[in-house]
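Presented below is the structure to which this report refers.
The values are calculated or read from the model by the stated rules, or taken from the named source; none is laboratory data. Not measured: the values here are computed from a predicted model. Quick reminder, even Gly has a Cβ in these numbers, built from the backbone with ideal geometry, and neighbours come from all protein chains shown. Just so you know, the surface numbers come from the protein's heavy atoms only, side chains and all, with ligands and any DNA or RNA stripped out. Shrake-Rupley method; radii C 1.70, N 1.55, O 1.52, S 1.80 Å.
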Amino acid sequence: MTDWKNPPRLFIPGPVKVNEDVLQQLARPTLGHRGKEYSQLHGETVDMLKKVFFTEQNVFLSTSSASGIWEAAIRNCVGLDEKVLCTMCGAFSDKWADVIRSCGRELDELKVEWGQAITADMIDEKLSSGEYSAVTLVYNETSTGLTNRVYEISEMMKEKYPEVLVFVDSVSAMVGLPLHFDKLAWDVTFASVQKAFAIPPGLAVALVSDRALAKGKEIPNRGYYFDFQLWAKSAAKSQTLATPNVPHIMALHYQCEKLLSEGMENVWARHKKMAEFVRLWVGEKFALFCDEHYASDTLTTVKNTRGINVAETIKAIQEKHNTIFGNGYGKLKEKTFRIAHMGDITLDDLKELLGWIDEEIG
Ligand SMILES: Cc1ncc(COP(=O)(O)O)c(C=O)c1O
């Protein structure tokens, strides 16, 4: 019998497996968040994050999940009379469009079939009308297991539309996939820590460009908890606006030390190796859901070509091995299933899981 005190090993695409040494960081004695010890923790963590994401600009820690930053990017950086081009290629990019509407901002949808990518040409064609002040992108669609070619898109943006702000959801990409924030010339990007940072949920990391911060000063009614201007004032003192999730920041500090000592190139290569291993198995047993040229290195969405009962397979593996992987997301339930290969998941972990799936499907 599994229950929350004897939880399953996680191969769902977030939250992912958290190692014992990381969990121990969450159990450290807490700190007063206005004291110098906290400022030291915060400052060191931000300095390391700047190296992880190759940026000299603003790094904020938000005691929220990533959805908060979906909203923050819009409320802080888009005026009420401005229009956003919202690119949509799966469940999460679709949801971001809903968030933008709920913030009372006008948007146009640039939508492709789930499993297809958004390309630089598609964005170029839409932006050529000159009516947009910002574009939203999802780096890695967690529903379809697809990675958009954000470097190509960013090159096009820099060359042709340098005035248009670029907001990128990097929730299931950050750490696992390359992210050179300054070189990409993005304005806001973010992730929650329960994905490739391999920390329990409860904290998000946001990178904000200097120009986005400057623009935000002119935008009224930004709210309080997610106001980048207030965040920047606190960040100047290596603090947060309100009481932060101190244990998570300790775990983040720990994970950043490990990432930097491994080297980001090696971290990305490790993710790629795990992804290639899973894709090889998928090629033999099933098929990829998305176009293979865009297949993600942090998770794989598998097309259920054999018509297996996904929920029953997950249940059987949970009962026998106390381990779960992900069913398809939303309308892709049973038509697909998802396997995470990010963060502190290892190749050995994946070999074990795929072996168990093999046993179930015969
Ligand atoms: C691509 C993407 N964006 C946004 C979210 C929402 O993140 P959170 O649940 O941390 O708010 C998720 C969650 O899985 C996601 O995968």
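Worth pointing out:
- Springs join every pair of Cα atoms under 10 Å in this Gaussian network model of the chain, and among Ser238, Ser170, Ser128 the largest mean-square fluctuation is at Ser128.
- Amide H contacts for Leu165 (H built 1.01 Å from N in the peptide plane; partners 5 or more residues away or on another chain; cut-off under 5 Å): Ala134, Val135.
- Loop-resident sites, region 98-185, for GluC sites (Glu not before Pro), counting at most 12 other Cβ within 10 Å (DSSP): Glu113, Glu131, Glu163
- Prolate/oblate/rounded label for the chain (Cα gyration tensor, a/c 1.5): oblate
- Accessible area, probe 1.4 Å, largest first, for residues Thr243, Thr2: Thr243, Thr2
- Computed over the chain, relative contact order equals 25 percent, with contacts defined as Cα pairs under 8 Å that lie 6+ residues apart.
- Membrane-span-like helices in the chain (whole DSSP H runs, Cα extent of at least 20 Å along the helix axis, mean Kyte-Doolittle hydropathy of at least 0.5): none found.
- Across region 205-218, computed HN-Hα scalar couplings (Karplus, 6.51 cos²θ - 1.76 cosθ + 1.60, θ = phi - 60°) run 10, 10, 10, 10, 6, 4, 6, 5, 5, 5, 5, x, 4, 8 Hz from first to last residue, x flagging Gly and Pro.
- Taking only the C-alpha atoms of region 239-358, Rg followed by Dmax gives 17.0, 52 Å.
- Comparing mean-square fluctuations of Ala275, Ala73, Ala27 from a GNM of the chain with C-alpha springs under 10 Å, the top value falls on Ala27.
- Heavy atoms of Lys237: accessible area, 1.4 Å probe, square angstrom to 10: 130 Å²
- Per-residue SASA entry for Tyr329, accessible area with 1.4 Å probe, Å² rounded to 10: 60 Å²
- Summing charges over all other residues whose Cβ lies under 15 Å from the Cβ of Ile12, with Lys and Arg as +1 and Asp and Glu as -1, gives +4.
- The phi-based Karplus calculation (6.51 cos²θ - 1.76 cosθ + 1.60; θ = phi - 60°) puts the 3J(HN,Hα) values of region 288-301 at 6, 6, 8, 4, 4, 5, 10, 4, 6, 8, 10, 7, 10, 9 Hz, whole numbers, x for Gly and Pro.
- Note on Asp210: accessible area approximately 90 square angstrom, rounded to 10, probe 1.4 Å, nucleic acids and ligands left out.
- Ranking by accessible area, most exposed first, for Glu20, Glu334 with a 1.4 Å probe: Glu20, Glu334
- Within the shell defined by Cβ-Cβ distances under 10 Å, the residues around Lys258 carry a net charge of -4, with Lys and Arg each +1 and Asp and Glu each -1.
- Rounded to whole numbers, the Karplus 3J(HN,Hα) couplings from phi for region 162-168 are x, 7, 7, 6, 10, 10, 10 Hz, using 6.51 cos²θ - 1.76 cosθ + 1.60 with θ = phi - 60°, and x at Gly and Pro.
- Percent antiparallel among DSSP beta bridges (both partners in region 134-286, rounded to 5): 45 percent
- Built amide H within the under 5 Å cut-off of Leu107, gap 5+: Val84
- When the Gaussian network model of the chain links Cα atoms closer than 10 Å, the mean-square fluctuations of Arg222, Arg101, Arg279 top out at Arg101.
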